[in-house]
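In what follows, a single structure is set out as structure tokens and then discussed.
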Amino acid sequence: MVASTNKAYILLSGGQDSFVCLIWALQHFSEVEAISIAYNQRHAKEIEYAKKIAAHFNVPHFTYDIGSFMSSIAESSLLNSSSHNTQHAQASHLPASFVPNRNGLFLTIIANHAFKQETKHIHLVTGTCETDYSGYPDCRDNYIKAKATELSLGLDISVSIHTPLMWKTKAETFAMAHEAGKLNELIQLTLTCYNGEETMHPWGYGCGECPSCVLRKKGYEEFLHLTYTV
Ligand SMILES: [Zn+2]
């Protein structure tokens, strides 16, 4: 297969951050493929949102299902009916919604997906963020840099992991969509809620109460303030 060095592979969850990353990827690469991972998450509806987003932007979309594997190996409030607003069952310094090494697994999967097509350089894109993040250690910049090195060594091919949101606040993420003329699509096409609730608010769909909704609502309100004060 012919190598294409200007192609990116994006981890698309159906949420706000990966939506904005997709806009970024389409601005920086001539070709983009989107990959979603079904991991038996409570908010499984996000996969349907990811499909809608990919179709909206006319981007090829692939889903890999690791649901039974994740349910058997991982403990997280995203995988069962326990509360999100408490500490993690195994690690009291981490939130209940932490899925151990989720980003590491997902990046390995999309790197393997890309490896089927690329021979020289793999470009991966993910919406991990260290600024307004949820306290997950595998969202941090040092982890992502180490992961790129690990994948490059493991596949014997150069792997870059692009994280356009790493140092952005949630308000700045809304601003990126706004500047690209895609704010309305962001509100309509994404689902970030940990409970998968589809009640519409000015900031998008959600329950309004889970940690993810609280972060998104706060970010939207700060974005409006940014917009008004510019
Ligand atoms: Zn919610």
Legend entry - Residue list for the range 184-218, restricted to those being of a type in the set (Phe, Trp, Tyr), at pLDDT 90 or above and under 16 Å from residue 46 (Cα atoms): 205
Legend entry - Test: residue in the range 132-150 that is within 16 Å of the ligand (Cβ to nearest atom) and either in contact with a Cys (Cβ under 7 Å, 6 or more places away or on another chain) or within 24 Å of residue 27 (Cβ to Cβ) (or both): yes
Legend entry - residue 230 being away from the ligand (no atom under 16 Å from the Cβ), among the hydrophobic types (A, V, I, L, M, F, W, C), out of contact with any Pro (no Cβ under 8 Å at 6 or more places or on another chain) and modelled with pLDDT under 95: yes
Inset, instruction - Name the residue, out of 149, 169, that is in contact (Cβ under 8 Å) with a residue 40 or more places away in the chain, of a type in the set (Val, Ile, Thr) and surrounded by fewer than 19 Cβ atoms within 10 Å (Cβ to Cβ). - result: 169
Inset, instruction - Those residues that are part of a loop (DSSP other than H, G, I, E, B) and small (Gly, Ala, Ser), I need them from the range 95-114; list them, please. - result: 96, 97
Inset, instruction - Only one of these is hydroxyl-bearing (Ser, Thr, Tyr), at pLDDT 75 or above and in a loop (DSSP other than H, G, I, E, B): 92, 76, 81. Name it. - result: 92
Inset, instruction - Out of the residues in the range 172-222 that are more than 10 Å from the ligand (Cβ to nearest atom) and of a type in the set (S, T, N, Q), state the one that is farthest from residue 80 (Cα to Cα). - result: 184
Legend entry - Failed item in (1) closer than 23 Å to residue 205 by Cβ; (2) in contact with a Gly (Cβ under 9 Å, 6 or more places away or on another chain); (3) surrounded by fewer than 19 Cβ atoms within 10 Å (Cβ to Cβ), with residue 108 passing the rest: (1)
Inset, instruction - Enumerate the pairs (first residue in the range 46-63 and within 18 Å of residue 205 (Cα to Cα); second residue anywhere and surrounded by fewer than 16 Cβ atoms within 10 Å (Cβ to Cβ) and aliphatic (A, V, I, L, M)) with beta-carbon separation below 6 Å, excluding pairs fewer than 6 apart on the same chain, so at least 6 apart or on different chains. - result: 47/38
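The values are calculated or read from the model by the stated rules, or taken from the named source; none is laboratory data. Just so it is clear, the model here is predicted, and its values are computed rather than measured. Cβ atoms come from the backbone with ideal geometry, glycine included; neighbour counts cover every protein chain shown.
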